[in-house]
Structures are given as C-alpha cells and as structure tokens.
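Before any comments, here is the structure.
The values are calculated or read from the model by the stated rules, or taken from the named source; none is laboratory data. Not measured: the values here are computed from a predicted model. Please note: Cβ atoms are built from the backbone with ideal geometry, for glycine as well, and neighbour counts cover all protein chains shown. These area figures cover heavy atoms from the full protein model, side chains too; ligands, DNA and RNA do not enter into them. Shrake-Rupley method; radii C 1.70, N 1.55, O 1.52, S 1.80 Å.
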Amino acid sequence: MTLCLAATAALAGPGPEPAPVDTTSLRVGEITLELDGIFTPDEVAEASGPNRFLRRAMNTVHWNTRPWVISKELLFRTGQPYRPALLAESERNLRGLGFLTDIEVVATDTTADGRVNVRVRTRETWTLGAEFSFALAGDGAVRWDASLAEQNFLGYGLEVLGALGDDLDASYGRIYLKLNRVLQTPLSVRLNVDERSDGFDRWVQFALPVRADDQRWSANAMVWDQEYRVRWYLSNGGPAGIDPRRETRLYALLPRRRTGMDLTVTRRVSDDGDARIWRLGLGLRISQLDYMLAGNTYLLSDGRIRDLSYLGTPGETLARDTGTEVWPYLSVVSVGRRWVKTRYLLRYGNDEDVPLDPSFVLLVGPAAPALGSTAGRSLRAIVEGEFRNWSQVGRSFFMQRLDGRAVIGDRNDRYHRLDAVLGSHVRLGPQVRPFTLKAYLEGVHSEGLAGDQVPVLGLDRGLRTLNLDGMAGEKLVRWSVELGRGLGWSPLDLVRMGWGVFYGGGMARWADEDRGLADARHEVGVGLRLGFTRAGNSPVARIDLARDLSGANGWVLTTVTGGFF
C-alpha cells in the first residue's frame, strides 16, 4: 500500500519559500468512497457474448454494500489527527469482513492547510451461496455441509446461513446469524441453532471485539447448550481393544449433554503506539457435563458389543470430567503491529493479511470444589495457551503454531495436550506465478485426554488415502511436502486454478498400542487447486488423486476444502 503525502504550492514568480507543513499537526480531510461492483464497468465493457451477460447479471442481482457499513469500519474521521497506521488497520478490517476484495485505503494528497484527503476503494464479491464444504474419502465416506449462505444480507453486512449436512454420525440442519456492529454500536452478535438427528447444538455470543490495535477495552460473553452423541475413541491396546498393533480407529457413540457460559473482559495495558501490544483480562467459565449412558454395553465401530462400564470408574476420563467445572481465569494477550498483505498462502484467491510479529494468548486459573466445581476431586489449576508466528524471508513465509491445555491436579485429575505445527511456503522462480514449495510438520503429545478430545488423523487432517478419521490416539505426527504453481488462466475470471504434486505421511497411536513411526502411512499424489476470485475469504478447494505407498490401496480420488496440508 502506498501512502502519498504531498504539500505543494504554485509559485507565480519570485517570492519567499512557503512554510513547510508540520506533519505532527496533519488532520484527516475529505474521505472519498469508491465502491465497485463484483465486476467493474471496464471489466463489463471489455467482455463479450455470454461472458458479458454473466458479468452484468451478477452485478445486477447482487446487493452492494451500503456505504455506511464501510464507513463504520474506518478507524478515522474527518477532522481527526492523521495517523497512517489507522489507514492500514482500516484496510485490514474491511478485508476481515469477508465480502469485499481489492481494498485500498490510501492518502491521496495534502492540502495547504494540513488536511490529508483519503480514498477508500473496495470491490464487491459474490456472497450468496458462497458457503460449501465437503470431504470425500477414498473409501467413499463423505462429510458434507451444503448451505444457502448470504454473507452480506441486503448490503447491511449481516451474515445469514441455513445449512444441511452430515458429520458421519448424524445429519443436521443449522441456522446461523452474525450481526456485525448491531444498532450502529461496536457490539457484534452471533447466534447458532443446530438441530441434529441425535440432538442439538445451540449457542449465542455477544462481543465487543478488538477492531483497532490501540483499542482499550474488549469483552466477550457466550452461552451454549449441546446434546448429541460424540465419538469416544478407544485404544486397541485397552480393555475394549482386540489387537494393540491395529491402526484402525476404534470408537463408541456416547450421548452427552454440555451446557455452560464464558465471560471475559480485557483491557489494553501497553501505551498507545507501542511496538508490542499487551492486554490483560479476567474471565469466568462455568460448564456442566453429563453423559446420558443407558446400560454398560455399547456397539463399537468394528461391530463388536463390549462392556464399557470401566470408563466410569475412578481415575478414568469419563468419571473425571462429569459434573460442573467453575474456572475463574486471568488472561494475558500479546500481539505485534507488523503485518503484510500477500496472496496464495492459506487461500488460493484474494488478498490475505499475515501478521509478522509473534502473538500469544495465555489463560490460567484454579478450578476447585470451594469455587463450586464437582468435576475432578481436588484443587486443579487449568492452563490454556496458543502461540502464533509468521516470518517473511524474501518472498517466502515460515509459520510456527503452538496450542496447549493442561490441568494440574492429583494423579486422577491431571491431563495435558500440546499441538505444534511448523510450516513453510518457499516461493521459487519468476515473480509472476512462482512455484511454491510447501512443507508442514505437526506433532501432538497428550496424556489423559477424554475419548472425544484425542487427536485424530485422517482425510480432514492431511492424509488423502485414510478414512475421514483413520487413526486416533494420544500421540500424533504428520508431515507433507507439496510443489505447486498457479495456472496462467482463470475461467470466466471467476476461479483461479493451480496444480500440486505432493508426498505426505503420518501416524497416530495410544501409549499402550504396539506401533511406532515404522508403521506410519506414506502417500504420493497429484491434484488440482481452486480459489474463487469473486467470492469472499473462500478456502482452498483441493481435488487430489493419491496412492498409499504401502500398496494396500490403489489410487483414490479425494476432495477437501480448507486446512494447512
């Protein structure tokens, strides 16, 4: 993005030099909005035949964003002190809405009286029906979500979604609403009603989100009520298993009811303009967890019927987590200010914002019977955290991500999970349409997790030749290397396309299973990559032809959207 500041005066002959403008006293001048449709007038005019008709039709039936919706996302107003950083932050906010693209917020000129005029330029994206996700495994198993979604309802910036889908165990119908900045206030509201064939999942969230780096206060409140069957994964080396060397996942469907609430208020404690931003907060999470078990025997995924009453005995995870957990916590948030705009990193279409400074979130606090907790038998300390970092070296990007949760208590109450991801996107060759070498490595170490919390390796997590949830266990490792490149053409200027060749591998296991890295699965393949240029922040769509190198399976065709791998 270019920031242009100029103070000029026409000299009509000899005379004294004009006094320089004091940049510390510059103020925002006229703000001009230039709002293009999905296709600009020039793009419509240069097209011909059916393509021209299509572009006109898309512009005609699409509701353009109301100017005041865009103005609300700007962090500056006419007459306020001019701060270039707020222009960049406003541009990032507009991209974050998900229904605008090709966004520019730039200073155009500076008047003689020290006012900086600003131009805001945006282009609409196609928002109706833009939501569709699915996964097709090589064995024919399908996880899908088909929705009629409008990300910018009537141009008011409201997201409305109705969906039907299948998550392997139950079909569902969902209604989702996201009201951005309700009633002209900074408050946002999200509502989800998910009615399932085996229960429901309902929640509502009210938030005062962080929209500016120097915003002082933020808040979040969420309540939820869920009831449905969960996949409770079991070890093949445990009481319900039959062979500790089997790689096939083993699970039972257990009915569960979970209700709760989470309240957080956060305040920025660093000074305005500091290179690193620090926020401290206080929160309270209260959750009630019950398993509505009917008898002791359950049908397992391999067709056997087994007695699972041992899961409710002292020291087992189901008994440990049943009941109420009251967790007051302190939150510490730290983020940097540097970020860069790029393309073809996590999506295959429009611009992406990539933070270039490390950030982390840490939540820590006690959960004890004295506070009202009945889950667990002792005083417990709960720690949750996440770390994110992107680094740029030339045209290449390198990513580090760390997520963890630990409960510290007596032997029967404690457990932990740590998930680390390293990734690189090395761009090779020409500036225009370079080759990209992507490499990712993920490792998960956990102990004492409940059966519905263990990491699962499968199609959704990076291996095309596995089932959707092919392996499960307390330990997981996976890796992937892909060389790809964008193609030089875009059908109807609606889709960006590219290709990739890849090698991947990985495994998951329980501590009592007799398997190691030598039993990891390996695969190779080739695929097509798709990104929609006239839609919002759409994920990458991958159509891959892959082969298991063990020879157990032939070539399989898989399709999946989203994810790193």
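A single member of Gly473, Gly516 is without any contact (Cβ under 8 Å) to a residue 12 or more places away in the chain and over 22 Å from Arg542 (Cβ atoms), and it is Gly516.
Search the range 297-347 for residues being of a type in the set (Phe, Trp, Tyr) and open to solvent by 20 Å² or more (accessible area, probe 1.4 Å), and hand back the single one that is nearest to Arg123 (Cα to Cα).
Here the residue is Tyr344.
Screening Pro455 with (1) under 30 Å from Pro314 (Cα atoms); (2) at pLDDT 95 or above gives one miss only, at (2). Against the conditions (1) touching a strand residue (DSSP E or B) at 6+ places or on another chain (Cβ under 8 Å); (2) open to solvent by 30 Å² or more (accessible area, probe 1.4 Å); (3) among the polar types (S, T, N, Q); (4) more than 30 Å from Gly323 (Cβ to Cβ), Gln431 satisfies every one except (1). Scanning the range 348-366 for residues that are of a type in the set (Asp, Glu) and not in a loop (DSSP other than H, G, I, E, B), we see that the one that is most open to solvent (accessible area, probe 1.4 Å) is Asp353. Each residue in the range 452-507 was checked for being aliphatic (A, V, I, L, M), under 15 Å from Thr559 (Cβ atoms) and open to solvent by less than 20 Å² (accessible area, probe 1.4 Å), and 4 pass.
The residues of the range 513-529 that are open to solvent by 40 Å² or more (accessible area, probe 1.4 Å) and modelled with pLDDT of 90 or more, listed by number, are His522, Val524, Val526, Leu528. When the range 197-229 is limited to residues that are at pLDDT below 95, farther than 21 Å from Leu280 by Cα and touching a Gly at 6+ places or on another chain (Cβ under 8 Å), the one that is surrounded by the fewest Cβ atoms within 10 Å (Cβ to Cβ) turns out to be Arg229. Filtering the range 395-421 to residues that are outside any strand (DSSP E or B) and touching a Lys or Arg at 6+ places or on another chain (Cβ under 8 Å) leaves Arg395, Gly409, Asp410, Asn412, Asp413, Arg414. Checked against (1) modelled with pLDDT under 95; (2) within 21 Å of Tyr228 (Cβ to Cβ); (3) open to solvent by 30 Å² or more (accessible area, probe 1.4 Å), Met261 passes all but condition (1).
Looking only at the range 45-78, residues that are part of a helix (DSSP H, G or I), more than 16 Å from Leu35 (Cβ to Cβ), open to solvent by less than 50 Å² (accessible area, probe 1.4 Å) and among the aliphatic types (A, V, I, L, M) come to 1 in all. All of (1) open to solvent by 30 Å² or more (accessible area, probe 1.4 Å); (2) farther than 30 Å from Pro366 by Cβ hold for Thr436 with one exception: (1). Filter the range 530-557 down to the residues that are of a type in the set (Val, Ile, Thr) and either within 20 Å of the chain's Cα centre (by Cα) or surrounded by 21 or more Cβ atoms within 10 Å (Cβ to Cβ) (or both), then identify the one that is modelled with the highest pLDDT. Going through the qualifying residues, I end up with Val556. Considered as a group, the residues in the range 264-286 that are assigned to a loop (DSSP other than H, G, I, E, B) and open to solvent by 60 Å² or more (accessible area, probe 1.4 Å) include one that is farthest from Leu208 (Cα to Cα), and that residue is Ala275.
So which residues in the range 242-258 are open to solvent by 70 Å² or more (accessible area, probe 1.4 Å) and touching a strand residue (DSSP E or B) at 6+ places or on another chain (Cβ under 6 Å), if there are any at all? Arg257, Arg258, listed by residue number. Of the residues making up the range 79-131, those that are touching a Leu at 6+ places or on another chain (Cβ under 7 Å), farther than 25 Å from Val182 by Cα and either open to solvent by less than 10 Å² (accessible area, probe 1.4 Å) or charged (D, E, K, R) (or both) number 4.
Scanning the range 367-390 for residues that are closer than 23 Å to Ser218 by Cα and either of a type in the set (Lys, Arg) or open to solvent by 50 Å² or more (accessible area, probe 1.4 Å) (or both) yields Glu386, Phe387, Arg388.
Looking for whichever is assigned to a strand (DSSP E or B), touching a residue at least 12 places away in the same chain (Cβ under 8 Å), over 24 Å from Val265 (Cβ atoms) and among the hydroxyl-bearing types (Ser, Thr, Tyr) here; the options are Ser424, Ser331. Which one fits?
Numbers: Ser331 fails: over 24 Å from Val265 (Cβ atoms).
Of Ser424, Ser331, the one residue that is assigned to a strand (DSSP E or B), touching a residue at least 12 places away in the same chain (Cβ under 8 Å), over 24 Å from Val265 (Cβ atoms) and among the hydroxyl-bearing types (Ser, Thr, Tyr) is Ser424.
Here Gly238 passes the criteria (1) in a strand (DSSP E or B); (2) open to solvent by less than 30 Å² (accessible area, probe 1.4 Å); (3) not charged (D, E, K, R) except the one numbered (1).
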